[in-house]
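Asker: If you scroll down you'll find the structure; I have some questions about it.
Here, each number is a calculation from the coordinates, and none is a lab measurement. Owing to the predicted nature of the structure, the values given are computational and were not obtained by experimental measurement. In this analysis, Cβ positions are derived from the backbone assuming ideal geometry, glycine residues included, and neighbour counts consider all displayed protein chains.
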Amino acid sequence: MEHVKCLIVGSGPAGYTAAIYTARASLQPVVYEGLLPGGQLTTTTDIENFPGYPKGIGGAAMMEDLRSQALRFGADIRPGTVASVDLSRRPFAVAVDGGAALAADALVVATGASAKYLGLPSEERFKGQGVSACATCDGFFYRKQDVVVVGGGDTACEDALHLAGLCRKVYMVVRRSVLRASHAMQQRVLATPNIEVLWEHQPKEVLGDERGVNAVRLAGAAGEERRVEATGFFVAIGHHPNTEVFRPWLQLDEQGYIVTQGKSTRTSVEGVFACGDVQDPVYRQAITAAGSGCMAAIDVEHFLKR
């Protein structure tokens with residue numbers, strides 16, 4: 001069994017930043033990148049709100065920059081996903097898909113959270129070309145345009161309100177006759193002039209061409225169809241934290257996110273730290289993920305010194 005000081009599970013801004021800091025601290029981190037090396041940002045076309053890139057940068061290119069920086073300082077970055085863990089003893093026992101087995105003195109969980117989508121084939125086709133699950137990340141690109149937001153909870157209402165400040169018109173598609181959001185959030189949405197709620201409708205197809213999305217085909221409760229002209233299609237039905245492997249061992253909240261202690265990345269198991277979207281159901285931004293990756297690395301360094 002291979003023994004490592006610091007094992008980082010997952011990549012993206014959190015995992016790669018944790019790798020940069022732990023590598024510079026001579027902790028010789030080993031990183032398993034997971035099913036999607038670089039995380040969700042690799043599916044994003046342009047990023048304009050990450051400090052240090054005044055002209056913007058593609059998501060995949062930015063993740064390659066972070067990865068290269070971690071490699072420069074000596075991080076051991078490997079393909080593969082973690083299949084199982086045993087956190088009942090230290091060093092922690094970790095099994096990787098493909099048969100590798102490791103013993104880790106400290107473990108950083110940076111497996112992220114996956115956005116929930118509707119499962120439409122056309123939705124998959126236009127991801128990054130008009131289809132998005134992050135209004136905060138991508139809304140800026142749809143200034144003075146018409147967009148669609150799918151969902152009826154607090155997240156959908158927050159996204160609709162954010163987009164309403166940028167876009168000409170926001171169509172909010174709700175499959176029920178009521179919103180599931182808090183009363184205060186509902187009032188704000190219904191009082192916003194350029195938000196139109198389409199009650200009892202469901203998306204059936206995202207329409208577009210080589211330039212991206214240009215319309216959405218909807219179905220009403222009685223089966224009637226409606227076409228809405230829009231260049232952006234924002235899915236706001238929640239996220240799923242990638243915590244299945246750790247569920248038997250770590251304290252999770254009701255949504256499945258890892259619970260961290262106070263203003264730290266410490267989890268319910270000593271020596272295990274969590275950073276990025278896997279422990280953040282609120283902000284879910286690249287910059288906050290990177291910041292928590294730095295925190296996790298510093299927490300690991302202090303832990304190993306003790």
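Asker: Return the distance in nm (one decimal) between the two label points of a simple spin-label model at D86 and M1, each offset 7 Å from Cα along Cα→Cβ.
Answerer: Those two pseudo-labels are separated by 0.6 nm.
Asker: May I pose another question? Kindly rank 123-134, 8-19, 209-220 from highest to lowest mean number of other beta carbons found within 10 Å of each residue.
Answerer: In decreasing order of mean packing, 123-134, 8-19, 209-220 become 8-19, 123-134, 209-220.
Asker: Taking the number of other C-beta atoms within 10 Å as the exposure measure, put S114, S26 in order starting with the fewest.
Answerer: Placing the least packed residue first, the sequence is S26, S114.
Asker: Which trypsin sites (Lys or Arg not before Pro) in the stretch 1-94 pass both tests, a DSSP loop state and at most 16 other beta-carbon atoms within 10 Å?
Answerer: K55, R89
Asker: Helix-only estimate, please: 222 nm mean residue ellipticity of the chain, summing -39500 (n - 2.57) across DSSP H runs of length 4 or more and dividing by its residues, to the nearest 500.
Answerer: The helix-only estimate for the chain comes to -7500 deg cm²/dmol at 222 nm.
Asker: Sticking with this one: Which far-off residues, 5 or more places away or on another chain, put their amide H under 5 Å from the one on G58, with H placed in the peptide plane?
Answerer: Here the answer is I47, since their amide H atoms fall under 5 Å of that of G58.
Asker: Express the relative contact order of the chain as a whole percentage, based on alpha carbon pairs under 8 Å and six or more residues apart in sequence.
Answerer: 21
Asker: Sticking with this one: When a/c is below 1.5 the answer is rounded, else prolate if a/b is larger than b/c, else oblate, so apply that to the stretch 151-287 with a ≥ b ≥ c taken from the square roots of the Cα gyration tensor eigenvalues.
Answerer: It is prolate, given that a/c is not under 1.5 and a/b is the larger ratio.
Asker: If you don't mind, there's one more thing I want to ask. Check the chain for me: any Cys whose beta-carbon has no other cysteine beta-carbon within less than 4.7 Å?
Answerer: C6, C157, C167, C275, C294
Asker: To continue, here is another question. Could you work out how far helix 154-164 tilts from the main Cα principal axis of the chain, as a 0 to 90 degree angle to the nearest 10?
Answerer: For 154-164 against the chain, the angle is about 60 degrees.
Asker: Given an 8 Å cut-off on Cα distances and at least 6 residues of separation, report the relative contact order of the stretch 227-277 as a percent.
Answerer: 23
Asker: Okay, moving on. Measure nothing but the geometry: give the 0 to 90° angle between the long axis through the Cα atoms of 59-72 and the longest principal axis through the Cα atoms of the chain, rounded to 10°.
Answerer: 10
Asker: Related question: Percent relative contact order of the stretch 125-174, based on C-alpha pairs within less than 8 angstrom and at least six residues apart?
Answerer: 42
Asker: Subtracting the Cα-Cα distance from 0.36 nm times the residue separation, let me have the gained length for A95 to R78 in nm, one decimal.
Answerer: Between A95 and R78, full extension yields an extra 4.7 nm.
Asker: Against the longest alpha carbon principal axis of the chain, how many degrees, from 0 to 90 and to the nearest 10, is the axis of helix 12-24 turned?
Answerer: 20
Asker: Computed from these coordinates, which is volume of the Cα convex hull per residue in Å³: [x] 115; [y] 131; [z] 142?
Answerer: Answer by label: [z].
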